[in-house]
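S.K.: Quick one: structure below, then a few questions.
The values are calculated or read from the model by the stated rules, or taken from the named source; none is laboratory data. No experiment lies behind these values; they were computed from the predicted model shown. Backbone-built Cβ (ideal geometry, glycine too); neighbour counts: all protein chains shown. Side chains included, ligands, DNA and RNA excluded: accessible areas come from the protein's heavy atoms. Shrake-Rupley method; radii C 1.70, N 1.55, O 1.52, S 1.80 Å.
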Amino acid sequence: MNDAWIVVAVVGAFTVAFKAAGPVLLGGRSLPERLGGAVELLAPALLAALVVTQAVGGKGEIVLDARLAGVAAGAVAIWLKAPLIVVIVVAGLATALVRLV
């Protein structure tokens, strides 16, 4: 087994242990209200950070290229309440058209 698979296995085991720790440590109790509100905001914040990192991130620098046009087109499609598959196709087409030009 090479190093990459060892890392995948370790990260997977840590993820399972981390997810299991919540119910085990809380033991049926609910989170305090302030902490519950913060936990609800973590997923959207993490998703936004990942999107921005992938859209404009380069090797230690900000890169403005076709990916940003795809994200913008996808955001417009979301704003227009398009179905998810339409958002994906619109973003992909916008990216492809900018790369073509």
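S.K.: For residue 57, enumerate residues with amide H under 5 Å from its amide H, sequence gap 5+ or separate chain, H modeled in the peptide plane.
M.R.: The answer is 63.
S.K.: Can you pull a Stokes-Einstein diffusion coefficient for the stretch 44-101 at 4 °C (1.567 mPa s), Rh from Kirkwood over Cα pairs, as a whole number of µm²/s? Intermediate values should be presented prior to the final figure.
M.R.: On the way: Rh = 11.8 Å.
D = 110 µm²/s.
S.K.: Would you mind pulling out the separation of the Cα centroids of the stretch 40-96 and the stretch 8-22, in Å?
M.R.: 28
S.K.: Now a separate question. If you take Cα Rg over 2.2 N^0.38 Å from the coordinates, which of (1) 1.52; (2) 0.97; (3) 1.01 do you get?
M.R.: (1)
S.K.: Contact order normalised by length for the chain, with contacts defined as Cα pairs under 8 Å and 6 or more residues apart; what percent is it?
M.R.: 18
S.K.: Also: Hey, what do the phi angles of the stretch 71-77 turn into as Karplus ³J(HN,Hα) couplings, whole Hz, using 6.51/-1.76/1.60 and θ = phi - 60°, x for Gly and Pro?
M.R.: With coefficients 6.51, -1.76 and 1.60, one gets 5, 5, 5, x, 5, 5, 5 Hz.
S.K.: So, one more: What is the percent carbon and sulfur in the accessible area of the chain, measuring with a 1.4 Å probe over the protein chains and ignoring ligands?
M.R.: Within the chain, the accessible surface is 76 percent carbon and sulfur.
S.K.: Report, in degrees rounded to the nearest 10, the 0 to 90 angle that the Cα long axis of helix 84-100 makes with the longest principal axis of the chain.
M.R.: The angle comes out at about 50 degrees.
S.K.: Okay, moving on. Say each of residue 54 and residue 14 gets a label point 7 Å from the Cα, pointing the same way as Cα to Cβ; how far apart are those two points in nm?
M.R.: 2.1
S.K.: Probe of 1.4 angstrom, ligands and nucleic acids ignored: what's the accessible area per residue over the chain, in square angstrom?
M.R.: 83
S.K.: Nearest 20 debye, what's the magnitude of the dipole of the chain about its Cα centre given +1 on Lys and Arg Cβ and -1 on Asp and Glu Cβ?
M.R.: 160
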